[in-house]
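Here is the structure we will look at, set down as structure tokens.
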Amino acid sequence: MRLLDAFGEALPPPEMSLREIAERTGTSHALLRYHFGSLSGALAAMLTAQRSRDNETLLRTALQGTFDDLVAAIWRTYARPQQLSRVRGFFHVVGLAAYEPDRFGEFVESIGDLAEALSSLAEHEGLDTDEARNVAAATVAAMRGLLLQEVLAPGTCPDDAVALILRMKEGGSDPRSDGER
């Protein structure tokens, strides 16, 4: 994809126009509008393609490692300072997709890929299917929440975020299980 070649691991900032992106990629504004509809559509397509490529690498980790290994690999992939542009772009597109999920269908569908891999590993490590799914969903939500915190308030994310997330997993799936219902 020409867009990925032109921007590498980064994303064009939301204030960049499709005309500017077309110039940078050596294509026409009309062609970008035809394929993606808008800047937001182009960002969603880029994020989907970047995350698909990342997921190939991360899923190889999943095949060779544990739930904890995959969580650490996901965090290393997205928490690096070089990824800040992509993380910001992700939350930008997620916000738009919250209002128009049908317009961002492929992007929305791709969001659950890593949760599925985590769920499979958790189940392989002894959790029942529902608990594995819940642990995976909570883990992904915690990582995304911490990434959002880092976008909004840089430097406030705990250094040991992965350890914190993994300790939550060890605590069990139902925090009310101690009789406080």
Within segment 5-17, how many residues are assigned to a helix (DSSP H, G or I) and more than 14 Å from Gly89 (Cα to Cα)?
2
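Here is a yes/no grid of residues against (1) under 19 Å from Arg144 (Cα atoms); (2) of a type in the set (A, V, I, L, M, F, W, C):
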{"residue": "Glu9", "(1), (2)": "yes, no"}
{"residue": "Pro14", "(1), (2)": "no, no"}
{"residue": "Glu20", "(1), (2)": "no, no"}
{"residue": "Gly26", "(1), (2)": "no, no"}
{"residue": "Tyr34", "(1), (2)": "no, no"}
{"residue": "Met46", "(1), (2)": "yes, yes"}
{"residue": "Asn55", "(1), (2)": "yes, no"}
Failed item, numbered, when Leu114 is tested on (1) assigned to a helix (DSSP H, G or I); (2) aliphatic (A, V, I, L, M); (3) modelled with pLDDT of 90 or more; (4) surrounded by 15 or more Cβ atoms within 10 Å (Cβ to Cβ)
(3)
Considering only segment 124-133, I want to know if a residue exists there that is within 17 Å of Leu58 (Cβ to Cβ), in contact (Cβ under 8 Å) with a residue 60 or more places away in the chain and part of a helix (DSSP H, G or I).
no
Checked pairs for segment 100-120, first closer than 15 Å to Ala73 by Cα, second modelled with pLDDT under 90, C-beta under 6 Å and 6 or more apart or across chains, list as Asp113/Asn55; Ala117/Leu59; Ala117/Ala62
I'm trying to understand the selection: among the residues of segment 83-125, which are of a type in the set (Lys, Arg) and either closer than 17 Å to Gln50 by Cα or touching a Phe, Trp or Tyr at 6+ places or on another chain (Cβ under 7 Å) (or both)?
Arg86, Arg88
Give the residues of segment 95-149 that are among the β-branched types (Val, Ile, Thr) and over 24 Å from Asp160 (Cα atoms), sorted by residue number.
Val108, Ile111, Thr129
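Residue-wise test of (1) loosely packed, with under 14 Cβ neighbours inside 10 Å; (2) without any contact (Cβ under 8 Å) to a residue 24 or more places away in the chain.
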| position | (1), (2) |
| --- | --- |
| Ala6 | no, yes |
| Glu20 | no, yes |
| Ser28 | yes, yes |
| Phe36 | no, yes |
| Thr57 | yes, yes |
| Arg60 | yes, yes |
| Phe67 | no, no |
| Ala72 | no, no |
Can you name every residue in segment 97-111 that is of a type in the set (Asp, Glu) and not in a helix (DSSP H, G or I)?
Glu100
Residues (under 13 Å from the mean Cα position of the chain (by Cα), among the charged types (D, E, K, R) and more than 13 Å from Leu43 (Cβ to Cβ)) located in segment 81-115:
Glu109, Asp113
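The values are calculated or read from the model by the stated rules, or taken from the named source; none is laboratory data. Quick caveat, the model's predicted, so the values are computed rather than measured. Because the Cβ atoms are built from the backbone with ideal geometry, glycine has one as well, and the counts that use them run over all protein chains shown.
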